[in-house]
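The values are calculated or read from the model by the stated rules, or taken from the named source; none is laboratory data. Bear in mind the structure is a predicted one, so any value in this text is a computation, not a measurement. Heads up, the Cβs are rebuilt from the backbone with ideal geometry, glycines too, and the neighbour counts pull from every protein chain shown.
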Amino acid sequence: MQPKLKKLVYGGLLSLASLQGIQAQQTAVYKDPQAAYHAAIEFYEQALYGKAEDELGQLLAPDQALYNDWELPELYRQKAELYAALAALRLERPDAENKLLVLIKKYEPLSVAAQAKLEVGRYYYAQRDYKKAIKYLSSINFKDLNDLSNEDLIEAKFQLAYCYFVSKDFKKAQPVFAQIKGTKSEYTFPANYYYGLCSFFLKDFDAALASFEVANKSSRYEKVVPTYITQIHFMKKDYDKTIAYGEPYTKSNTVRERMTIVQAVGQAYYEKKNYKKALPFMEEYASKTPKMTEDIFYQLAYTQYRAGKYEDAAGNFEQIARLDNKLGQNARYNLADCQLKLGRKEEARLSFKQAAEMKQDKELQIDAKMNYAKLSYELGLDNDAISAFMELLNTKYSNESQNLMSQLFLNTRDYEKALSILRTIDRSEPSLKEAFQKVAYFRGVQHYKASNFTKAVERFNESLGSAVHTETTALAHFWKAEALFQLDQFDKSIDEYNRFTTVAAAAPQLPANSSKGTAHYGLGYNYLRKNSYDNAVGQFVKAVKYIEPRLSKINDRHVSNFVYPDALGRAGDCYLYLGGTNNYTAAAGYYERIVANNFPNEDYAMYQLSLIYSLTNQAQKQLRTLADLVGQHPSSIYADDALYAMGSTQINQNEFDQAKGSFDQLIVKYPDSEYTAKALYKLGVLSYSRDMNREALDYFKTVVSNNVQTEEAKAALNFIRKIYIDQGDPDGFMAYASTLQGYNFSDMAADSLLYESAASSFDQENWPAAADNYSKYLDRFPKGLNSMSAHLNRGIAYYNLKEYPKALSDFSYVAEAKDPKAPPAMAEEANLLAGRICYHITEDYAKALTYFQGLEQFASSPENRSEARLFGMRSAYYGQNYQALKGLATNFLKEPNASAANKAEAHFYLAKAQQAAGNNAKAMQSYKESLKLVDDDINASEAHYQLAKITYIQRDLDGALELAFQNNKLLGQHLNWLARNFILIADIYAEQGKLDAAKGTLESLLGNFNGEAEIVKEAQDKLAQVKQAISSNSRLRRNDGSGELEMID
């Protein structure tokens, strides 16, 4: 009801005089001050407050110069003062209110003071300044206004009551409304209405209901009152009346606040547990109400939950679950149950976790913790599951937690954490003792795969100390033997293999890679490293005999394609080394089996067969075998060896033309081979023996020009000298020799003497003396005949002394020599050792890559070639040279003897290069190929993560989320990648609009992760963004804080 300002109730004591001709000028002269008074009042009532103020000011002037012949009565003077102050108030004079306060104080308790309070109160009421209105209206003793009409009295009381009402002071408003609600006036219905509201808010529902029923008779309130009556029935918990009275109004288009009635009816059905009928009312209310209270949200969500509408219920539970109170905890728990029923286990797990972290309901907290633990276990989040089960050991879930935890220890990948827990608890139960044995063994295997062999042995010992499971005991012995071999502890390794073979007799189901056959293979290598060839050959033969009949059933390709062929080759090598006709025959048999099966080491076997044929004087077989090797394996590391051996054998067979052809082929096809200089030298000798001196001289000079410091060059110089002398041209030789770097007749003896002294210290492995003596030599002969080998050997001495910068300087000199180039064998060793220093010591991966590429160029053994390719690839990766990495990884995958682990590594690096080039499709395929071979090292963890990340980048959010969930099971031992995976999950949730799930994921991460600071910072930033988004999207209604209620018209 909009208030209005009425005219002053006291118009005057006398009838108004005619005001015609009254002028407003200050110079007007009035003989009658009462007439002037009435004129001023007329101005006031016409809202001419300025004129009224002027006239009253003159009338009340102290000297009254205009009215010397008249005296203004006291009552007129009082009222003139009142109107003057009221005019000033209307004109918003700064001192107006103060004037009124002075007037009230001056005339209290006269009626003019009460009238002043009333008029000021009415003024502020009209201005909606209810606090000031209360100040004046509440101070009136209405008995002092005995001339006030009943109508005006009711209005004044209504205004006071209304001011109390909008200020929410219902206790003061209610009795004032009570004074007038029974009167017959224009305020009867409004007074009943507001009295009803006051009683409603004061929970005096019977009084409220009675007044609302009166107000409902007014057309003014009949559209509003039904809402309150419905609410009163609900507040009185009379749900049947709520429904009976309110439900018809839910379909009305005229009733105001219909949604409140809809809400009350829905809640009434909810309280009666009739969720099916409650649901449409609650959903209608929610659909048309932007903001709702937490109780309403919860009831809506719970109703939807009971109706099986889990998706809708989850969204609404999520709104309340953010509250830190008991309702919020219940909502969080129910949200988790909805998510579980929807199959969103990871989201449910996070919601149970958040409910378990809330302490309002202890019983619910424990239930939530158990559900969180079980879901963590099911989803492979072993660390979280273990921690949760540990916290439940002293609760009603103690037994179940122990049983699940014992299973969990065996399924986890974070064996280190599992061990740390198992060490602290009672393991007297056989199941826990067995779990401890297996977990320690699994951790040992992890260390072994990471090349942490000392730690691997420690864990295998720990496992063996709790031996209850035969198969695990056997495996621990086997892998302990393997680790000891890697540590060069050959005798201990042999003992451990023997223990394995004893235990393995009772464990027939061992895997192929740790069977008796592979144990014999390992024993063979131990004896081989001890140079005990007779013992070694027996073990390799046993390995072959064990594996060969089982080949068709072995699924391990490493065993069938590498271990078995290598055992054949090593058995042959041992027989070949032992010598003798019978041993040669036995060796040939093993090599022939390799060739017959086209195993990867076929080229090596063919070369070894050619040696046997040479030793048994079967030259033609030797030549045919060597020719087959070159023809069938032109890229083999033994192809240049084969051509050189062919040429040498053909010379011995007096097949000179054929020998020349073999050597020429070697020189053309393999110019960087260590045999190139040897072949040229032999061609020179061959030509010299056939009196073809000019041709011989050319060959010998070519040998020398390539590098004067090789042994072949020094021998060639002797022939060159002899040819020149035979031709009677010693001056020609002197002239030729003077062109050779480092060749000086007068210094040759000193050169040789100093070099031989240094070489003696080197051969004795007296590294300090060797380094010193080679330095003396190089100081004297920096370009001497032996300077290249002096640099190399001094570098080796420094290397053994761990003076790596000095060693690298010498190796670089040799590896990078241009004029002359280093001999291939020297270049090979220099590149090898320089690469190792740059990779392992200085971590200069760009230089390491250069040296390993040089090593591959000069590699004369499969071992060096494999190392060159493997570490060249690694250098490119760690040096972030992705352009080179692609080719290096592709090339390494062609390495025939590469292990599954190294091939997995190559696929991984290839994926990184493809990803860097923006080819995500190919990168995904390469990551998958890597994981087929190895799926539990740190590269595998990143590969799993990158597959999910690429899927996310390709905008397949559901697919990415599924992969990320799977990753939670797989990345437990590599916490940094697990943390990144959590951030990825949060990103996906946020993009799907599941902000609470994103928040829970990030909070879980930050509560448990203390790894890389960069990852922590990223998670913190994203969490802040998610919280801001949650706040912006909340539909919970908050109090606006104004402190006032608006009147409803």
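Report yes if residue 645 is closer than 30 Å to residue 550 by Cα and at pLDDT 95 or above, otherwise no. No; evaluated as a whole, the condition is false for this residue.
Among the residues of the stretch 135-181, the ones that are within 23 Å of residue 207 (Cβ to Cβ) and free of Cβ contacts under 8 Å to residues at least 60 places away in the same chain come to 21 in all.
For residue 417, the conditions (1) assigned to a loop (DSSP other than H, G, I, E, B); (2) crowded, with 16+ Cβ neighbours inside 10 Å; (3) among the charged types (D, E, K, R) are fulfilled apart from (1). Listed here are the helices (runs of 4 or more DSSP H) enclosed by the stretch 460-575 that have at least 1 residues being under 26 Å from residue 419 (Cβ atoms) and out of contact with any Phe, Trp or Tyr (no Cβ under 6 Å at 6 or more places or on another chain): 470-486, 490-504.
Which members of the stretch 420-448 meet the condition of being part of a helix (DSSP H, G or I), at pLDDT 85 or above and over 29 Å from the mean Cα position of the chain (by Cα)? Of everything in the stretch 420-448, those that are part of a helix (DSSP H, G or I), at pLDDT 85 or above and over 29 Å from the mean Cα position of the chain (by Cα) turn out to be 433, 434, 435, 436, 437, 438, 441.
All conditions but one from (1) crowded, with 19+ Cβ neighbours inside 10 Å; (2) at pLDDT below 95; (3) hydroxyl-bearing (Ser, Thr, Tyr); (4) over 27 Å from residue 895 (Cα atoms) apply to residue 689; the one that does not is (1).
Residues are listed down the side, and each one gets a yes or a no for (1) basic (Lys, Arg); (2) modelled with pLDDT of 95 or more; (3) crowded, with 16+ Cβ neighbours inside 10 Å:
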residue: 454; (1), (2), (3): no, yes, no
residue: 460; (1), (2), (3): no, yes, yes
residue: 467; (1), (2), (3): no, no, yes
residue: 483; (1), (2), (3): no, yes, yes
residue: 505; (1), (2), (3): no, no, no
residue: 521; (1), (2), (3): no, yes, yes
residue: 525; (1), (2), (3): no, yes, yes
residue: 542; (1), (2), (3): yes, yes, yes
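Considering each residue of the stretch 785-800 in turn, at least one proves to be at pLDDT 95 or above and either among the aromatic types (Phe, Trp, Tyr) or closer than 20 Å to residue 670 by Cα (or both).
Assessment of the stretch 98-109 against the conditions (over 23 Å from residue 158 (Cβ atoms) and either of a type in the set (Val, Ile, Thr) or at pLDDT 85 or above (or both)) yields at least one matching residue.
Of all residues in the stretch 978-994, those satisfying the criterion of being touching a residue at least 40 places away in the same chain (Cβ under 8 Å) and among the hydrophobic types (A, V, I, L, M, F, W, C) are 979, 985, 986. Considered as a group, the residues in the stretch 953-999 that are outside any helix (DSSP H, G or I) and within 13 Å of the chain's Cα centre (by Cα) include one that is modelled with the highest pLDDT, and that residue is 974. Does at least one position in the stretch 740-748 carry a residue that is outside any helix (DSSP H, G or I), modelled with pLDDT under 90 and touching a helix residue (DSSP H, G or I) at 6+ places or on another chain (Cβ under 6 Å)? Yes: one or more hits.
The residues of the stretch 597-617 that are free of Cβ contacts under 8 Å to residues at least 24 places away in the same chain, in contact with a Ser or Thr (Cβ under 9 Å, 6 or more places away or on another chain) and farther than 21 Å from residue 561 by Cβ amount to a single one, 613.
Please verify whether residue 207 is out of contact with any Lys or Arg (no Cβ under 8 Å at 6 or more places or on another chain), crowded, with 22+ Cβ neighbours inside 10 Å and small (Gly, Ala, Ser), treating the condition exactly as stated. Judged against the criteria, residue 207 is not a match. Taking residue 245 as the residue in question, decide whether it is surrounded by 19 or more Cβ atoms within 10 Å (Cβ to Cβ), touching a residue at least 24 places away in the same chain (Cβ under 8 Å) and assigned to a helix (DSSP H, G or I). Against the criterion (surrounded by 19 or more Cβ atoms within 10 Å (Cβ to Cβ), touching a residue at least 24 places away in the same chain (Cβ under 8 Å) and assigned to a helix (DSSP H, G or I)), residue 245 does not qualify. Of the numbered conditions (1) of a type outside the set (Val, Ile, Thr); (2) over 24 Å from residue 850 (Cβ atoms); (3) surrounded by fewer than 14 Cβ atoms within 10 Å (Cβ to Cβ), residue 802 satisfies every one except a single condition; which is it? Residue 802 satisfies all of (1) of a type outside the set (Val, Ile, Thr); (2) over 24 Å from residue 850 (Cβ atoms); (3) surrounded by fewer than 14 Cβ atoms within 10 Å (Cβ to Cβ) except (2). Put simply, of 831, 786, 800 the only residue that is in contact with a Leu (Cβ under 6 Å, 6 or more places away or on another chain), in contact (Cβ under 8 Å) with a residue 24 or more places away in the chain and not small (Gly, Ala, Ser) is 831. Looking across the stretch 485-503 at every residue that is more than 17 Å from residue 521 (Cβ to Cβ) and β-branched (Val, Ile, Thr), the one that is surrounded by the fewest Cβ atoms within 10 Å (Cβ to Cβ) is identified as 502. Within the stretch 762-784, being modelled with pLDDT under 90 and either of a type in the set (A, V, I, L, M, F, W, C) or crowded, with 19+ Cβ neighbours inside 10 Å (or both) holds for 781, 784. Regarding residue 551, is this residue out of contact with any Gly (no Cβ under 6 Å at 6 or more places or on another chain), of a type outside the set (Val, Ile, Thr) and over 16 Å from residue 896 (Cβ atoms)? Criteria met by residue 551. Name the residues in the stretch 813-834 that are assigned to a loop (DSSP other than H, G, I, E, B), surrounded by fewer than 21 Cβ atoms within 10 Å (Cβ to Cβ) and among the aliphatic types (A, V, I, L, M), would you? Listed by number, the list holds a single entry, 817.
Here's the yes/no breakdown for (1) charged (D, E, K, R); (2) part of a loop (DSSP other than H, G, I, E, B):
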| site | (1), (2) |
| --- | --- |
| 263 | no, no |
| 267 | no, no |
| 276 | yes, no |
| 311 | yes, no |
| 324 | yes, yes |
| 331 | no, no |
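Restricting 997, 986, 964 to residues that are surrounded by 24 or more Cβ atoms within 10 Å (Cβ to Cβ) and over 20 Å from residue 315 (Cβ atoms) narrows the list to 964.
The numbered conditions (1) small (Gly, Ala, Ser); (2) under 30 Å from residue 172 (Cα atoms); (3) at pLDDT 80 or above are all true for residue 80 except (2).
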